[in-house]
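Before any comments, here is the structure.
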Amino acid sequence: MPPEDTSADVFSPLVEQAIELAAKWHDGTYRKGSWRDPAFEAPPGETVDVPVMAHVTAVATIVQRAKWGEPTVAAAYLHDVIEDANRHGQHLRRAQLREAVGAEVTDIVSGVTELKYDAEGEMRPWRARKEDYLEQIRAGRSEAMAISLADKLHNLWTMNQSLQNGEDIFSPGPNRTPLSEGPDAQLWFHRAVHAAADHHTDPRLDPLQERLKTEIERFKRQTQEA
């Protein structure tokens, strides 16, 4: 497959539409915690949480800096919209996403969408979900692999920053939801995502893979010393 054209106009209506849809879908949803001190004082009785939109923007920025084109950047902004419910508990269907942003972006998003629930609507076991996800990104499009690497890079970097700041990300705390699994499982999963990129040949994956490796090594050091 030829490389995507990155010489288009500086403004992309497709990416702008993806940003708007992601912002609407993730409105009122937040990350599990924050390692930074707030830059401003919250109103009495309120907390300053990190919107999910901050994460998807970071992922899309990583993807864009790695020289992927408009459809992949748009998909990066939207990479969680099928997998995660909005704050009203609604789930976005693939057909709805396809109608909004087209078949190509939807196909890329589908390639990084984890199947969280079984046919009865029950949450599937963590390990089974991750193993299916890994097989999906190994066999899927390189564009999806790029988003996966960027997603796990930002997640793991955030985890490392929290650990460095003395946060116990594996236990509940004020304004913090613990990770679903402990350090050994997290290390296994992120190493497996890194290895999955070896099944692809696009050279634009190389810097993403290398940067994720740096965070994996950092996570290993911090959790083994803890």
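Using equal-weight Cα scatterers in the Debye expression, the normalised intensity of the range 137-211 in log10 at q = 0.21 Å⁻¹ is -0.90.
Computed 3J(HN,Hα) for the range 165-174, one whole-Hz value per residue from the Karplus formula 6.51 cos²θ - 1.76 cosθ + 1.60 where θ = phi - 60°, is 8, x, 7, 8, 6, 9, 10, x, x, x, glycine and proline marked x. The range 160-226 to the range 77-103: how many Å between their Cα centroids? Here the answer is 26 Å between Cα centres.
For the range 13-225, the mean projected area of the C-alpha convex hull, equal to one quarter of the hull surface, is 12.5 nm².
A straight Cα-to-Cα reach below 20 Å connects K32 with the lysines K24, K116, K130, K152, residues fewer than 8 places away in its own chain not being considered.
Annotation: amide H-H contacts under 5 Å for Y30 (H modelled 1.01 Å from N, sequence separation of 5 or more, or interchain): V52. Dipole check for the range 1-86: with +1 at the C-beta of Lys and Arg, -1 at the C-beta of Asp and Glu, and the Cα centre as origin, the magnitude is about 260 Debye. Here the contact order of the chain, divided by its residue count and restricted to Cα pairs under 8 Å and six or more residues apart, works out to 21 percent. Checking the cross-link filter: which aspartates and glutamates have an alpha carbon closer than 14 Å to that of K67, excluding same-chain neighbours under 8 positions apart? The qualifying aspartates and glutamates are E4, D5, E143, D202, D206.
Packing here is the average count of other Cβ atoms within 10 Å per residue, and on that basis the peptides 208-220, 112-124, 81-93, highest first, run 208-220, 81-93, 112-124.
Read-outs: derived from the displayed coordinates by stated rules, not from any lab. The shown structure was predicted, so the numbers you read here are calculated from the model rather than taken from an experiment. Backbone-built Cβ (ideal geometry, glycine too); neighbour counts: all protein chains shown.
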